[in-house]
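Reading through the structure tokens given below for one structure.
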Amino acid sequence: MPKIDSGFSVLSADFAADPYPSFAWLREQAPVHHEPAIDSYFLSRHQDVKRVLTDHEAFTTETLQVRAEPVMRGPVLAQLTGAEHTAKRKIVVRGFTGQALQDQVRAIRADAAELIAPFLARGRVDLVNDFGRPFAVYATLDVLGLDKADWQQVAAWHSGVAEFITSIVLTPERRRHCLDCAEQLEAYLLPVIEQRRRHPGADLISRLCTAEFDGIAMSDREVTALIINVLAAATEPADKTLALLFKHLIDHPEQLAQVRRDPGLLPAAIAETLRYTPPVQLVPRQAERDAVFAGATVPAGATVFCMIGAANRDPAVFGAPDTFDIHRPDLGTARSFSAAAQHLAFGTGLHQCVGAAFARAEIETVAALLLPLLDRVRYSPGFRYRETGLYTRGPAALCLDFTPVHAPGPDSGTSRRPDRRRC
Ligand code: 2IO
């Protein structure tokens, strides 16, 4: 493609600092932006992104073989097709809905209460580093039925795995580090899989171990890949979504007051957060054959990145797209966590996020617990907001002050001191 993009690059420091101001220009002037350094195409219009994610014949997930499989230790759900995909997806869905989801919500509430306790008397918390990161890992470990005593170790391995999937460019050293994390995680999981095959429980790992596909149980490699898939997909976006929700509500005090008065508005606030600032900004696909978008050709074999953040602010679909409004008439809250969602934060099509209902329940549960505890919540004095990440994106920190809560409780605050304080 000729270079008509006037020097713009998704790899620039400006775009990394804040991509949102570039989205309108991309949609209007460079809806098929070619990035020479990585020979990939970036699509920003809602209709083009939707087309890529729903035309499964023309745009495949083959790129995940190099972008994910090395750290997943086997094929993830998004790579599968046909009857195998349908069967395995169903197994995972069952682990995230119905009775399983109700049990998870109870565990998530207990996790959140335990993790916020040490900060209540202080009246200050970094919602990302003090609370959100451990919370996201705790909730995932609950789902998988893994030991929460190991959370720091699992969190470190997760970071390596997530870095591999979400890096646009990776040095050989970082690549080695990521692969080391994945290998250690696999070695940690194998004895657990062995044990769950013999003594299954109600957790997702047990379901994966005991489920049969065409009368045959999944191999250790297949189970491992789906565990790491769930581990990454449940953990990576969770702290970001929670922190972004709080940021937007703090920035819009009248909407915060409404949500406090009526927590029934939380699903709308979460849906609008996902539309306005999706934690997963990019979804990669591979063009099976030449494809034409807005007069520009994406050649067969090319990697295509769907720009979810740009598509979610397309004025062709959302009125006043750059305004955060939990009451927006075109949000469709009830549909927002389903296949009928207008926003594309969960993707769309066959591979739409299998954890969407879980994500909604998780964030709604933790936010409903935190809001009454964080009275008069506001940014800490001197706090400077900054986001990081091109692929998954969220606040680097969110330092908040609130009215201290002097709860009686025996040892509140002594057990889990944060190791690095940024606030
Ligand atoms: C894990 C970006 C964390 C998924 C991925 C290799 C496949 C797939 C996603 C999301 C979130 C991750 N892709 N979840 O974008 O399972």
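Of note:
- Test for R378: is it among the basic types (K, R), modelled with pLDDT of 95 or more and more than 30 Å from L64 (Cβ to Cβ): yes
- Cβ-Cβ under 6 Å pairs, at least 6 apart or on other chains, the stretch 289-302 side surrounded by 11 or more Cβ atoms within 10 Å (Cβ to Cβ), far side among the small types (G, A, S) and not in a loop (DSSP other than H, G, I, E, B): V298/A287; V298/A291; A300/A287; A302/A287
Per-residue answers, yes or no, for (1) assigned to a helix (DSSP H, G or I); (2) within 30 Å of V125 (Cα to Cα):
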position	(1), (2)
A202	no, no
I227	yes, no
L242	yes, yes
Q255	yes, yes
Q258	yes, yes
A271	yes, yes
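- First in the stretch 149-177 and under 17 Å from I228 (Cβ atoms) and touching a residue at least 12 places away in the same chain (Cβ under 8 Å), second anywhere and in a loop (DSSP other than H, G, I, E, B) and away from the ligand (no atom under 16 Å from the Cβ), Cβ under 8 Å, 6 or more apart: V154/L146
- Identity of the residue in the stretch 68-84, within 30 Å of V169 (Cβ to Cβ), of a type outside the set (A, V, I, L, M, F, W, C) and part of a helix (DSSP H, G or I), that ends up farthest from the ligand (Cβ to nearest atom): P70
- Considering the stretch 360-378, and only residues there that are within 16 Å of the ligand (Cβ to nearest atom) and within 20 Å of D130 (Cα to Cα), the residue that is surrounded by the most Cβ atoms within 10 Å (Cβ to Cβ) turns out to be E362.
- Unique residue being at pLDDT 95 or above and either touching a Leu at 6+ places or on another chain (Cβ under 6 Å) or closer than 27 Å to L185 by Cα (or both) when the list is A112, A117: A112
- Yes/no for V49 being on the phi < 0 side of the Ramachandran plot and part of a helix (DSSP H, G or I): yes
- Of the residues making up the stretch 308-327, those that are closer than 18 Å to L26 by Cα, part of a loop (DSSP other than H, G, I, E, B), touching a residue at least 40 places away in the same chain (Cβ under 8 Å) and of a type in the set (A, V, I, L, M, F, W, C) are A316, V317, F318.
- When the stretch 289-298 is limited to residues that are part of a loop (DSSP other than H, G, I, E, B) and at pLDDT 95 or above, the one that is farthest from the ligand (Cβ to nearest atom) turns out to be D290.
- Single residue of F119, F96, F135 found to be among the hydrophobic types (A, V, I, L, M, F, W, C), outside any helix (DSSP H, G or I) and touching a residue at least 12 places away in the same chain (Cβ under 8 Å): F96
- Failed item, numbered, when T333 is tested on (1) within 30 Å of R285 (Cβ to Cβ); (2) at pLDDT 95 or above; (3) in contact with a helix residue (DSSP H, G or I) (Cβ under 6 Å, 6 or more places away or on another chain); (4) more than 16 Å from the ligand (Cβ to nearest atom): (2)
- Number of the condition not met by P2 [criteria: (1) modelled with pLDDT under 95; (2) within 29 Å of R175 (Cα to Cα)]: (2)
- Single residue of D147, D126, D203, D130 found to be farther than 27 Å from R67 by Cα and in contact with a Phe, Trp or Tyr (Cβ under 7 Å, 6 or more places away or on another chain): D130
- Qualifying residues in the stretch 142-165 (those that are closer than 22 Å to I363 by Cα and within 16 Å of the ligand (Cβ to nearest atom)) - the one surrounded by the most Cβ atoms within 10 Å (Cβ to Cβ): V143
- Considering only residues in the stretch 254-288 that are in contact (Cβ under 8 Å) with a residue 60 or more places away in the chain and among the basic types (K, R), the one that is nearest to G309 (Cα to Cα) turns out to be R275.
- Residue list for the stretch 166-193, restricted to those being more than 28 Å from T210 (Cα to Cα), away from the ligand (no atom under 16 Å from the Cβ) and among the polar types (S, T, N, Q): T171
- Selection of the stretch 273-288 for residues being over 22 Å from A234 (Cβ atoms) and either polar (S, T, N, Q) or assigned to a helix (DSSP H, G or I) (or both) yields only Q286.
- Test: residue in the stretch 78-88 that is in contact with a Ser or Thr (Cβ under 7 Å, 6 or more places away or on another chain) and crowded, with 19+ Cβ neighbours inside 10 Å: yes
- Taken over the stretch 375-398, the criterion of being in contact (Cβ under 8 Å) with a residue 60 or more places away in the chain, more than 17 Å from A238 (Cα to Cα) and either in a strand (DSSP E or B) or of a type in the set (A, V, I, L, M, F, W, C) (or both) is satisfied by V377, R378, Y379.
The values are calculated or read from the model by the stated rules, or taken from the named source; none is laboratory data. These figures come from a predicted structure and were not determined experimentally. Here Cβ is always computed from backbone atoms with ideal geometry, including for glycine, and neighbour counts include all displayed protein chains.
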